[in-house]
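Worksheet: one structure, shown below.
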Protein chains: 2
Amino acid sequence: MSRNSTTGNMLDKAALILDAYHPSGGELRLSELVARTGLSKTTAFRLAGNLVRLGFLEHAGEHYRLGNHLFELGSLVSRRLDLRETALPFLQDLYESTRQTVHFGVRDGFDVVYVERIHGHDSLALPSRIGGRLPLSCTAIGKALLAFCKEETCDLDTRELPRLTPYSITDPVALRTALEQVQVSGLAYEEQEAAVGVSCIAAPVFAGATVVAALSVAVRQQQFRPAHLAPAVRTAALGLSRALRNGVTSA
Amino acid sequence: MSRNSTTGNMLDKAALILDAYHPSGGELRLSELVARTGLSKTTAFRLAGNLVRLGFLEHAGEHYRLGNHLFELGSLVSRRLDLRETALPFLQDLYESTRQTVHFGVRDGFDVVYVERIHGHDSLALPSRIGGRLPLSCTAIGKALLAFCKEETCDLDTRELPRLTPYSITDPVALRTALEQVQVSGLAYEEQEAAVGVSCIAAPVFAGATVVAALSVAVRQQQFRPAHLAPAVRTAALGLSRALRNGVTSA
DNA sequence: TCGTGCTGTTCCGTGACATGGAACGAACTT
DNA sequence: AAGTTCGTTCCATGTCACGGAACAGCACGA
């Protein structure tokens, strides 16, 4: 018996293998899978074989990589699908009027998950990535989502606020007052709180009365002119919110 | 014993559940899952519970939907990740210069899988979708991929060519000659072969000497002016190919 | 107020099958 | 040649996934 606390069933082990890829993509050898998952060599081998057969993994020579099927399934996640489709034109508008990196994300737990991210040739060195997640408190999008979440699912005071840069807000009261300013202005700001040298301005996106997402523009700190960006961000968010209200919002 | 030919193991059944969502996303009730998968009610219930616990499924009231975790994993599929990131700026350029729907796809088997698709407010009614797949023979991107696949993994003659519209090419020899024209011109065309009223022009993207993807522009049939679009498509593809050659191609 | 049909859920005995240790072959370093 | 470390195969053991049956909640209509 490997002293793994809860050994779990076959599915759990398969998920362990898939989650071994979290760090930064790439490819993994069988032995690396064994090391990261704690599974026995035999089990990892058999499970990986099964995952390959199902298309969740691909077996390239000595290496395993995440498979096509995952990409296809991931693209079907319903809320994301509809949201992205209707949001894209507005994000394009925003990009064209600012020519800066544009983000679009939704909330999941106490993170923002990025659904879309468009940029030109001069992409910033950002920790954000489509499908990636960052703490709500460290991003403009996160603040926009937090400030307008009606239900009090925001027990911020009980949580330890993470720190990504020296500028990250870690004091709950400081965050509270920042959120109040977001509520009155309808815009959320973030200055080097997620990555040094990068600042953001974000606006919430509503479907009816509830926030479902937020969009933002990220620029280099030295070029950060909120007054220049604010109108474009606001109009994009409003336009998208209107489209969502009129559109066929199934759920 | 359910007369299911190969009963399969637990993983297969989990994959059955996930694949039940293929058609057009949305949400499914437990009974619908049972109907689509052929699993017993008990098994489906237990597996769905496991999948929910792992984040592959979400349980919203009476319904199950594909979960966040799938989206995140799908975004990690390595080749897609790098490819999309470097391709995006060039796709943006292409969109801005044409203001038409831009597609970006890779090959998988005898389908093209769409990695990116950007458009403005006037989106066409297209069967393409990010993460979705269409037959190679019915799309401009597919022809571009086929024409330059060096290895003879293209046993076109043995395959039945699918038909999406009355204009789809179903004759292997007709396809052959079309592909030869693609090889000499470096551009692939498609007129209403995937969707009535829509035509495309595509160009292959190379990493070194092998095609890795293709990009295209889709326009309404009545506006289809290949000569207008060709230069933009070609330059985008060449620029991206150059970026891929220079870029940090890990694998 | 009962039926009747549909749901989603729990329980449990049984046996198929996932499991991990051991052994094997290959490739590579010492 | 002896030592790695890798991927792969084999097999006896016992766990755990299985599905039938029974239960529970709900919406019907009689």
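The values are calculated or read from the model by the stated rules, or taken from the named source; none is laboratory data. Computed from a predicted structure; not experimentally measured. Cβ: placed from backbone, ideal geometry, glycine included. Neighbour counts: every protein chain shown. Remember, those area values only see protein heavy atoms, side chains included, never the ligands or the DNA or RNA. Shrake-Rupley method; radii C 1.70, N 1.55, O 1.52, S 1.80 Å.
A probe of 1.4 angstrom, applied to the heavy atoms of all protein chains, finds residue A:150 with accessible area near 120 square angstrom.
Here the dipole of the range B:10-73 is about 220 debye; that uses its Cα centre as origin and unit charges on the Cβ of Lys and Arg (positive) and Asp and Glu (negative).
Averaged over peptide B:63-70, the number of partner chain Cβ atoms lying within 10 Å of each residue's Cβ comes to 6. The region of chain A that goes longest without hitting one of the GluC sites (Glu not before Pro) in a DSSP loop, each with at most 15 other Cβ atoms within 10 Å, is A:161-251.
Compared with the dominant Cα axis of chain A, that is its longest principal axis, helix A:41-54 is turned about 60°.
The calculated FRET efficiency for the pair residue A:234 and residue B:242, based on their C-beta separation and a Förster distance of 30 Å, comes to about 0.20.
Projecting the Cα positions of B:90, B:104, B:64 onto the charge dipole of the range B:38-134 (unit charges on Cβ atoms of Lys, Arg, Asp and Glu, taken about the Cα centre) puts B:64 furthest along the positive direction.
A label point on residue A:238, set 7 Å along the Cα-to-Cβ line, lies at 4.4 nm from each of its counterparts in the other copies, closest listed first. Surface analysis of chain A yields an accessible area of 45 Å² per residue, using protein heavy atoms and a 1.4 Å probe. In this Cβ point-charge picture (+1 for Lys and Arg, -1 for Asp and Glu), the protein assembly as shown has a dipole of about 380 debye about its Cα centre.
Each residue of the range B:55-69 was assigned a 3J(HN,Hα) from its phi angle through the Karplus curve 6.51 cos²θ - 1.76 cosθ + 1.60 (θ = phi - 60°); the sequence is x, 7, 9, 10, 10, 10, x, 8, 10, 10, 9, 5, x, 4, 4 Hz, with glycine and proline shown as x. For residue B:67, the residues whose modelled amide H falls within less than 5 Å of its own, excluding neighbours fewer than 5 places apart on the same chain, are B:57, B:58. Amide H contacts of residue A:205 (H built 1.01 Å from N, in plane; Pro and chain starts excluded): A:212, A:213, A:214, A:215 sit under 5 Å, all sequence-distant by 5 or more or on other chains. Computed over chain A, relative contact order equals 15 percent, with contacts defined as Cα pairs under 8 Å that lie 6+ residues apart.
Evaluating 6.51 cos²θ - 1.76 cosθ + 1.60 at θ = phi - 60° for every residue in the range A:135-140, the Karplus couplings come out as x, 4, 6, 9, 10, 5 Hz, glycine and proline recorded as x. Counting only other chain Cβ atoms within 10 Å of each residue's Cβ, the peptide A:130-141 averages 2. Distances between copies of residue B:171, taken at a point 7 Å out from Cα along the Cα→Cβ vector and listed shortest first: 7.8 nm.
Between copies, the label points of residue B:26, set 7 Å from Cα on the Cα→Cβ line, lie 4.3 nm apart, reported in increasing order to one decimal in nanometres. The chain B residue nearest the rotation axis shared with chain A, using its Cβ and rounding the distance to whole Å, is B:74, 1.
Taking each DSSP H run with n ≥ 4 as -39500 (n - 2.57) and averaging over every residue of the protein assembly as shown yields -13500 deg cm²/dmol at 222 nm.
If only the Cβ of Lys and Arg carry +1 and only the Cβ of Asp and Glu carry -1, the dipole of the range A:168-251 around its Cα centre is close to 360 debye. For the peptide B:91-99, the mean number of other protein chain Cβ atoms found within 10 angstrom of a residue's Cβ is 2. Shape of the range A:10-73 from the C-alpha gyration tensor: rounded (a/c under 1.5, with a ≥ b ≥ c the square roots of its eigenvalues).
Comparing B:166, B:226, B:204 in a Gaussian network model of chain B (Cα springs below 10 Å), the most mobile by mean-square fluctuation is B:166. Expressed as a whole number of Å, what is the distance separating the alpha-carbon centroids of the range B:197-226 and the range B:102-143? Cα centres, the range B:102-143 to the range B:197-226: 10 Å.
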